[in-house]
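The values are calculated or read from the model by the stated rules, or taken from the named source; none is laboratory data. Remember, predicted model here, so these are calculated numbers, not experimental data. So basically every Cβ, Gly included, is an ideal-geometry build from the backbone, and we count neighbours across all protein chains shown. Ligands, DNA and RNA are excluded from the accessible area calculation, which covers all protein heavy atoms including side chains. Shrake-Rupley method; radii C 1.70, N 1.55, O 1.52, S 1.80 Å.
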Amino acid sequence: MLVKTFVSMILLSGIILVGMSGCDTRFQGEDVLSQYAAGLNRSQYVSVSSPAIQMPASLPSPRHRQQNLTQFDIGLLDYLSLQQCDVGFVAGRKNSILGKVMPDSQRFLYELDIIRAIESCDIKNDTLAEELHYIAQQKRLELTMAFGNALFNGAESEAFFSLSNGFLPLNSSTADQQELMNALNRLVVIGENLERLPVIDAKVFEGDLKTLMDSEYAGRLLYTIVRITDYLNLIAGEIAGLDQQMCGAPMVFFKQQFETHYVDIVQPYMGRINRSAYQVLPLLNKLFELSAPLSNDMHVFSHQFSLVASDSRWQHYQQASQRHAQQWSALFGLCSMSIGSES
């Protein structure tokens, strides 16, 4: 009886593990790409294996992406003299126990509040007024850095940019990212209006950062396009080595594999990735721009997402897609064969 119970538990554990792996969509993209390579590899004329994983640059550690902001302290007598305006209250909030360990998102909101409080306070003491005016000027100069720290230096950014979450889902679409788009648009509006010291709803702001975290979008996109780039370059290189000797039965086989794996599965997946990225990346790159100056490490990392730089990961992906299409087109043209035609 104990033996039967033990065996039953093992079987149940196996079923649960299989079920969990079946629900895990993080690496379904790898499956379809490797199946494309394996299908072609069944021909004696090419040798296509899954390319070694070459990871893109990952999000820098917190100390390599955080920008240091100027600290200032208000003396006790000055603090007491500022109680009649908001400066004393806001400064007191920062100097509290919780204020000393406030996360970067809250620190950004504090910076806006203290600048607004200083500039609206009627200070009778000329020396103190001059000192606070200088502080407000310095903090205005640092607002973009405080904004960048809020966006890119918290747990939210670590999840948003994480490369460990695998591929974008195979069935991903722009309809699935409306909440992300709304959040990014609101953050861009804040960044574009920093000079006006926008009044920000802290709950909405924190909610938008959480939306980024929950989406895991940027890291998934980066990992996905890098893996697709590697596969397409590998396959294009093999196809480039084929000549007219392939025309006939070998070419019929290649055409079948191309249509079954690439035309029917990989290409539509890439189309969904492109439509999605062309909505998100302009906003993400705008946020990088609005957070300048970024740390050197953060600049290198963010460069991977550029839509225009010829050496960005996005452009490498586009170039690989074009090269892959050109090599297949040249081979089909060599054998006077068109996609979708009867062989």
Query raised in the report: Is it the case that the range 229-236 has a residue that's out of contact with any Pro (no Cβ under 6 Å at 6 or more places or on another chain) and under 30 Å from Leu151 (Cβ atoms)?
Result: yes
Report summary line: Selection from the range 235-246 of residues open to solvent by 30 Å² or more (accessible area, probe 1.4 Å) and assigned to a helix (DSSP H, G or I) yields Gly237, Glu238, Ala240, Gln244, Gln245
Report summary line: In the range 295-305, anything without any contact (Cβ under 8 Å) to a residue 40 or more places away in the chain and open to solvent by less than 20 Å² (accessible area, probe 1.4 Å) is listed as Ser302
Query - Selection within the range 137-182 - crowded, with 16+ Cβ neighbours inside 10 Å, under 21 Å from Ala202 (Cβ atoms) and among the aliphatic types (A, V, I, L, M) - result: Leu143, Met145, Ala146, Ala150, Leu151, Ala159, Leu180
Report task. Quick one: count up the residues across the range 256-294 that are surrounded by fewer than 20 Cβ atoms within 10 Å (Cβ to Cβ), of a type in the set (Ser, Thr, Tyr) and either at pLDDT below 95 or within 22 Å of Glu216 (Cβ to Cβ) (or both). Result -> 1
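Just wondering, is there one or more residues in the range 204-217 that are free of Cβ contacts under 8 Å to residues at least 12 places away in the same chain and more than 28 Å from Met55 (Cα to Cα)?
Among the residues of the range 204-217, not one is free of Cβ contacts under 8 Å to residues at least 12 places away in the same chain and more than 28 Å from Met55 (Cα to Cα), which makes the answer no.
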Requested in this report: Would you mind stating whether Arg220 is open to solvent by less than 10 Å² (accessible area, probe 1.4 Å), out of contact with any Pro (no Cβ under 6 Å at 6 or more places or on another chain), basic (Lys, Arg) and more than 17 Å from Ser105 (Cα to Cα)?
Outcome: no
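Kindly indicate whether any position in the range 100-108 is at pLDDT 90 or above and touching a Lys or Arg at 6+ places or on another chain (Cβ under 7 Å). Walk me through how you get there before you give the answer.
If we filter the range 100-108 for residues that are at pLDDT 90 or above, which is where we start, we get 103-108.
Applying the additional criterion that residues be touching a Lys or Arg at 6+ places or on another chain (Cβ under 7 Å) yields none.
There is no residue in the range 100-108 that is at pLDDT 90 or above and touching a Lys or Arg at 6+ places or on another chain (Cβ under 7 Å).
Sort out which residues of the range 139-152 are in a helix (DSSP H, G or I), modelled with pLDDT of 95 or more, closer than 14 Å to Glu111 by Cβ and not small (Gly, Ala, Ser), and write them in order of number. It would help to see each step written out before you state the result.
Our first condition is that a residue be in a helix (DSSP H, G or I); within the range 139-152, this holds for 139-141, 143-152.
Subsequent filtering for residues that are modelled with pLDDT of 95 or more retains 140-141, 143-152.
Pick out the ones that are also closer than 14 Å to Glu111 by Cβ and you get 140-141, 143-151.
Selection gives Arg140, Leu141, Leu143, Thr144, Met145, Phe147, Asn149, Leu151.
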Report summary line: Result of the Cβ filter at 6 Å on the range 35-56, keeping first residues that are under 14 Å from Pro250 (Cα atoms) and partners that are of a type in the set (Asp, Glu) and open to solvent by less than 70 Å² (accessible area, probe 1.4 Å), at least 6 apart or interchain, is Val46/Glu238
Requested in this report: Report yes if some residue within the range 197-210 is modelled with pLDDT of 95 or more, outside any loop (DSSP other than H, G, I, E, B) and within 12 Å of the chain's Cα centre (by Cα); otherwise report no.
Outcome: no
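Would you point out which residue out of Arg220, Arg272 is over 13 Å from the mean Cα position of the chain (by Cα) and basic (Lys, Arg)?
Working: Arg220 fails: over 13 Å from the mean Cα position of the chain (by Cα).
Checking each option against the conditions leaves just Arg272.
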Query raised in the report: So which pairs qualify, if the first residue must be in the range 314-335 and under 19 Å from Gly241 (Cα atoms), the second must be open to solvent by 60 Å² or more (accessible area, probe 1.4 Å) and assigned to a helix (DSSP H, G or I), the Cβ gap must be under 7 Å, and the two must be at least 6 apart or on different chains?
Result: Leu334/Gln244
**Report entry** Any chance Ile114 is in contact (Cβ under 8 Å) with a residue 24 or more places away in the chain and part of a helix (DSSP H, G or I)
**Finding:** yes
